[in-house]
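Beneath this line is the structure, given in structure tokens, with notes to follow.
The values are calculated or read from the model by the stated rules, or taken from the named source; none is laboratory data. Please read all numbers here as calculations on a predicted model, not as lab measurements. Quick reminder, even Gly has a Cβ in these numbers, built from the backbone with ideal geometry, and neighbours come from all protein chains shown. SASA here: full protein model, heavy atoms, side chains in, ligands and nucleic acids out. Shrake-Rupley method; radii C 1.70, N 1.55, O 1.52, S 1.80 Å.
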Amino acid sequence: QAYADGWVTMHGEACREHQRGESSAALFDARTRCLEQRRQGLGEALGLFVAGDGGALREASMVVAKLPALAPCADVAALTAEVAPPDDPAVAAEVEGLREQLVRARVVATAGRSRDALTMAEAVGVAAERLAYPPLLAEARLLAGRVAMESQQWDAAREALVQAHVAGTAAGHDLVAAEAKARQLYVNGMYFG
């Protein structure tokens, strides 16, 4: 309930700030995209609970605790560092749909279904390559690396994280590139050092 309440509060604040002219249209769009991804994650978690997914129900508190934090949606520096969506509106819409699949995969992984989550992340990666949109490829590879780490698949984690770092660096997706590199260093140091 606290997560949903926080989301409602933050969304209302973003709308009021924009109406008062305290934030630009670009910042408002970035903030609402961020909040929409969080809403989708919460919706996916609730969907697993309602469907009676055994893993999700057993790990309900963990699933909710691992939902993406709301704070970055209020961080102006992080929001303005966001990678621009594709210029083509049809491609941009497809990218947003694929990002929704990544949100779903993250929730599924937290519910203990890492194999399903890896399959979903890989499918998004393939689609990102087809669309020639490297930021999404970096995000998909990073998620695959995270999930592989959580399920202790160290070789797969290292490979996905290297790919995420390369794609993120090439795309100027600095947050993804940095997280991928940090995770890669951890995996290398702990399991391949």
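Summary of values
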quantity	calculated
Residues of the chain: accessible area per residue with a 1.4 Å probe, Å²	51 Å²
Top of 88, 155, 116 by mean-square fluctuation, Gaussian network on the chain, Cα under 10 Å	88
Computed lengthening from residue 178 to residue 154, 0.36 nm per intervening residue step minus Cα-Cα distance	6.8 nm
Local electrostatic count, residue 12, Cβ distance below 12 Å [Lys/Arg +1, Asp/Glu -1]	-1
For the chain, fraction of C-alpha pairs farther apart than 29 Å, in %	24 percent
C-alpha center-to-center spacing [region 68-119, region 172-193] in angstrom	19 Å
Residue-span extension gain [residue 190 to residue 116] - 0.36 nm each, minus C-alpha spacing	24.1 nm
